[in-house]
Amino acid sequence: MLSIATIPLLVISPSRSESQTPHEKLAREVYAELVGINTMDSVGSTTRAAQAMAKRFIAAGFPTEDVQVLTNPADTSKANLVVRYRGSGGANGPKPILLLAHLDVVAALRSDWSRDPFQLQEDNGFFYGRGTSDDKAMGAIFVANLLTYKAEGWKPNRDLILALTAAEEGGANNGVEWLIANRKSLIDAAYAINEGGGGTLTGTGMNVKPLFNSIQAAEKVPENFTLTVRNSGGHSSVPRPDNAIYSLANGLVRLGRFTFPVALNPVSRGFFEQTAKVERPEIAAAMRAIVANPADSSAAATLSRDPRYASMLRTTCVATRLAGGHANNALPQTATANVNCRIVPTSSAAETQATLERIVADTSIKFSFAEAVRERFPTSSRAIEPELLAAATELTRSKWGDIPVIPVMSTGATDGRFLRAAGIPTYGVSGIFSLPGETNAHGRDEKLRTKSFYDGLDFLDKLVRRLAGGHAH
């Protein structure tokens, strides 16, 4: 287990350090410890991170039976931490609230970064490090908040469950999906608070202001399709028309020219309705038009000039990998491509495959699911839990002024899709603000505004207290 003494010190500005509350200092310390542990989905260990956080909870006085490090026996390097903070309601009280964050991160090579990706550093108003935004900020916040509740003797009316999980970024069945299949009773809740939402800033540099706060209530579901062409091949000195590489390439060109039709759902419809109130006039008009008539091609074209809005309007599919042939002097016997789709929650993988087959228009191209077993498609898009929406709206306005709280459908995927499919409504809400694309999550030199981290700490602290009720001893 990693000792806190072995974690590199956080680089901070003197002025920020001097103004820290004990709560903020604890959150920063936990944040530094989590970022300092390599939890890459490929060669890292979420087990080390789960054990480090478990040690903190045990030291704070949580009963050992309420702090569990759990993993699929097939891969003990990918553990999850589940902590229960017991409220006064008991077994007959209201169902718990699940606080969810994932410990694993995507790969980060030191040679690619301008700084050590596994050392939390503060520079010019930002925290830097792999996982600073995705998703160790929320993990650190939830840990610090629960430890603070315990230290204060605060007793909620309902149990709170913290799940810090593995395998959200990919890999074997170790994370939320495994917990649902093997330990669902430990994480069963009225609803979950997860990543996927957050606030949007407008402006440039450090001269920014909040535009809106969002709550993720639905998400597009990822599915990888493998497209394969096979034939008998032969000598390259005698070319034939039925070349596997050409057949696949021509099919991919047709796919690249295709745009899926607009497919709104209650959440994405609500997003465009609300965002129209704060967008610039041309975009706002297109948003109102697309809500009124999803078949409005002019409005769709206007919105689609922004890649974010284009993806929120519809299912998207894009070729991401390509391979073919076996020798320089032989006709290819096989050519394959991976097509990564992000499917709107009102559709399905089967429906998407049927569309792809129609568009590539070549029966020699065979389709298969790369991850059909892993994915679970929600049967509907649920409205936001009223108590959550009301509390988030009130807290947003008290903290950031009269800005809207907007439902959003994530274009990327989170573990929320597994929870929703298992009957646990899941909402992405954090109070962590950033400019669009600013954090560079999954990319080089990932970062998060220091102010946004502490704002999120305060927002989620107040939000969970309000939702869980309770009193101090």
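The values are calculated or read from the model by the stated rules, or taken from the named source; none is laboratory data. Please read these numbers as outputs of a predicted model, since none were measured by experiment. Neighbour counts are summed over all protein chains in view; Cβ atoms, including those assigned to glycine, are modelled from backbone coordinates with ideal geometry.
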Practice problem: Would you mention how many residues in the stretch 60-99 are among the basic types (Lys, Arg) and surrounded by 18 or more Cβ atoms within 10 Å (Cβ to Cβ)? | Solution: 2
Quiz item: Is it true that SER77 is over 22 Å from SER185 (Cβ atoms), more than 21 Å from the chain's Cα centre (by Cα) and of a type outside the set (Phe, Trp, Tyr)?
Solution: yes
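Against the condition in contact with a Leu (Cβ under 9 Å, 6 or more places away or on another chain), within 22 Å of ALA391 (Cβ to Cβ) and either in contact (Cβ under 8 Å) with a residue 12 or more places away in the chain or surrounded by fewer than 23 Cβ atoms within 10 Å (Cβ to Cβ) (or both), how does ASN194 come out, does it pass?
In short, yes.
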Self-check item: Index of the failed condition, GLU438 passing every other in (1) surrounded by 21 or more Cβ atoms within 10 Å (Cβ to Cβ); (2) assigned to a loop (DSSP other than H, G, I, E, B)
Solution: (1)
Practice problem: Could you please find all residues in the stretch 441-465 being charged (D, E, K, R) and closer than 15 Å to ALA144 by Cβ? | Solution: ASP455, ASP458, ASP461, LYS462, ARG465
Quiz item: Which of the following residues is crowded, with 18+ Cβ neighbours inside 10 Å and not hydrophobic (A, V, I, L, M, F, W, C): ASP402, ASP415?
Solution: ASP415
Quiz item: Which residues, taken from the stretch 354-404, are among the basic types (Lys, Arg), at pLDDT below 95 and out of contact with any strand residue (DSSP E or B) (no Cβ under 7 Å at 6 or more places or on another chain)?
Solution: ARG374, ARG376
Self-check item: Scan of the stretch 441-473 for residues that are crowded, with 18+ Cβ neighbours inside 10 Å and among the aliphatic types (A, V, I, L, M), ordered by number
Solution: ALA441, LEU448, LEU457, LEU460, LEU463, VAL464, LEU467, ALA468
Quiz item: Counting just the residues of the stretch 40-59 that are among the small types (Gly, Ala, Ser) and over 18 Å from TYR85 (Cβ atoms), which one comes out surrounded by the fewest Cβ atoms within 10 Å (Cβ to Cβ)?
Solution: SER42
Exercise. Look at ARG86 and say whether it is under 16 Å from ILE141 (Cα atoms) and among the charged types (D, E, K, R).
Key: no
Practice problem: Hey, could you check the stretch 236-251 for residues that are part of a helix (DSSP H, G or I) and not aromatic (Phe, Trp, Tyr) and say which is nearest to VAL344 (Cα to Cα)? | Solution: GLY251
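From the list ASP455, ASP445, ASP461, exactly one residue is in a loop (DSSP other than H, G, I, E, B) and either at pLDDT 95 or above or out of contact with any helix residue (DSSP H, G or I) (no Cβ under 9 Å at 6 or more places or on another chain) (or both). Which is it? Step through it out loud before you land on a result.
On the way: ASP455 fails: in a loop (DSSP other than H, G, I, E, B); ASP461 fails: in a loop (DSSP other than H, G, I, E, B).
None of the other options fit; the residue is ASP445.
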Quiz prompt | Among residues of the stretch 25-73, those that are under 17 Å from LYS150 (Cβ atoms) and not hydrophobic (A, V, I, L, M, F, W, C), counted | solution = 10
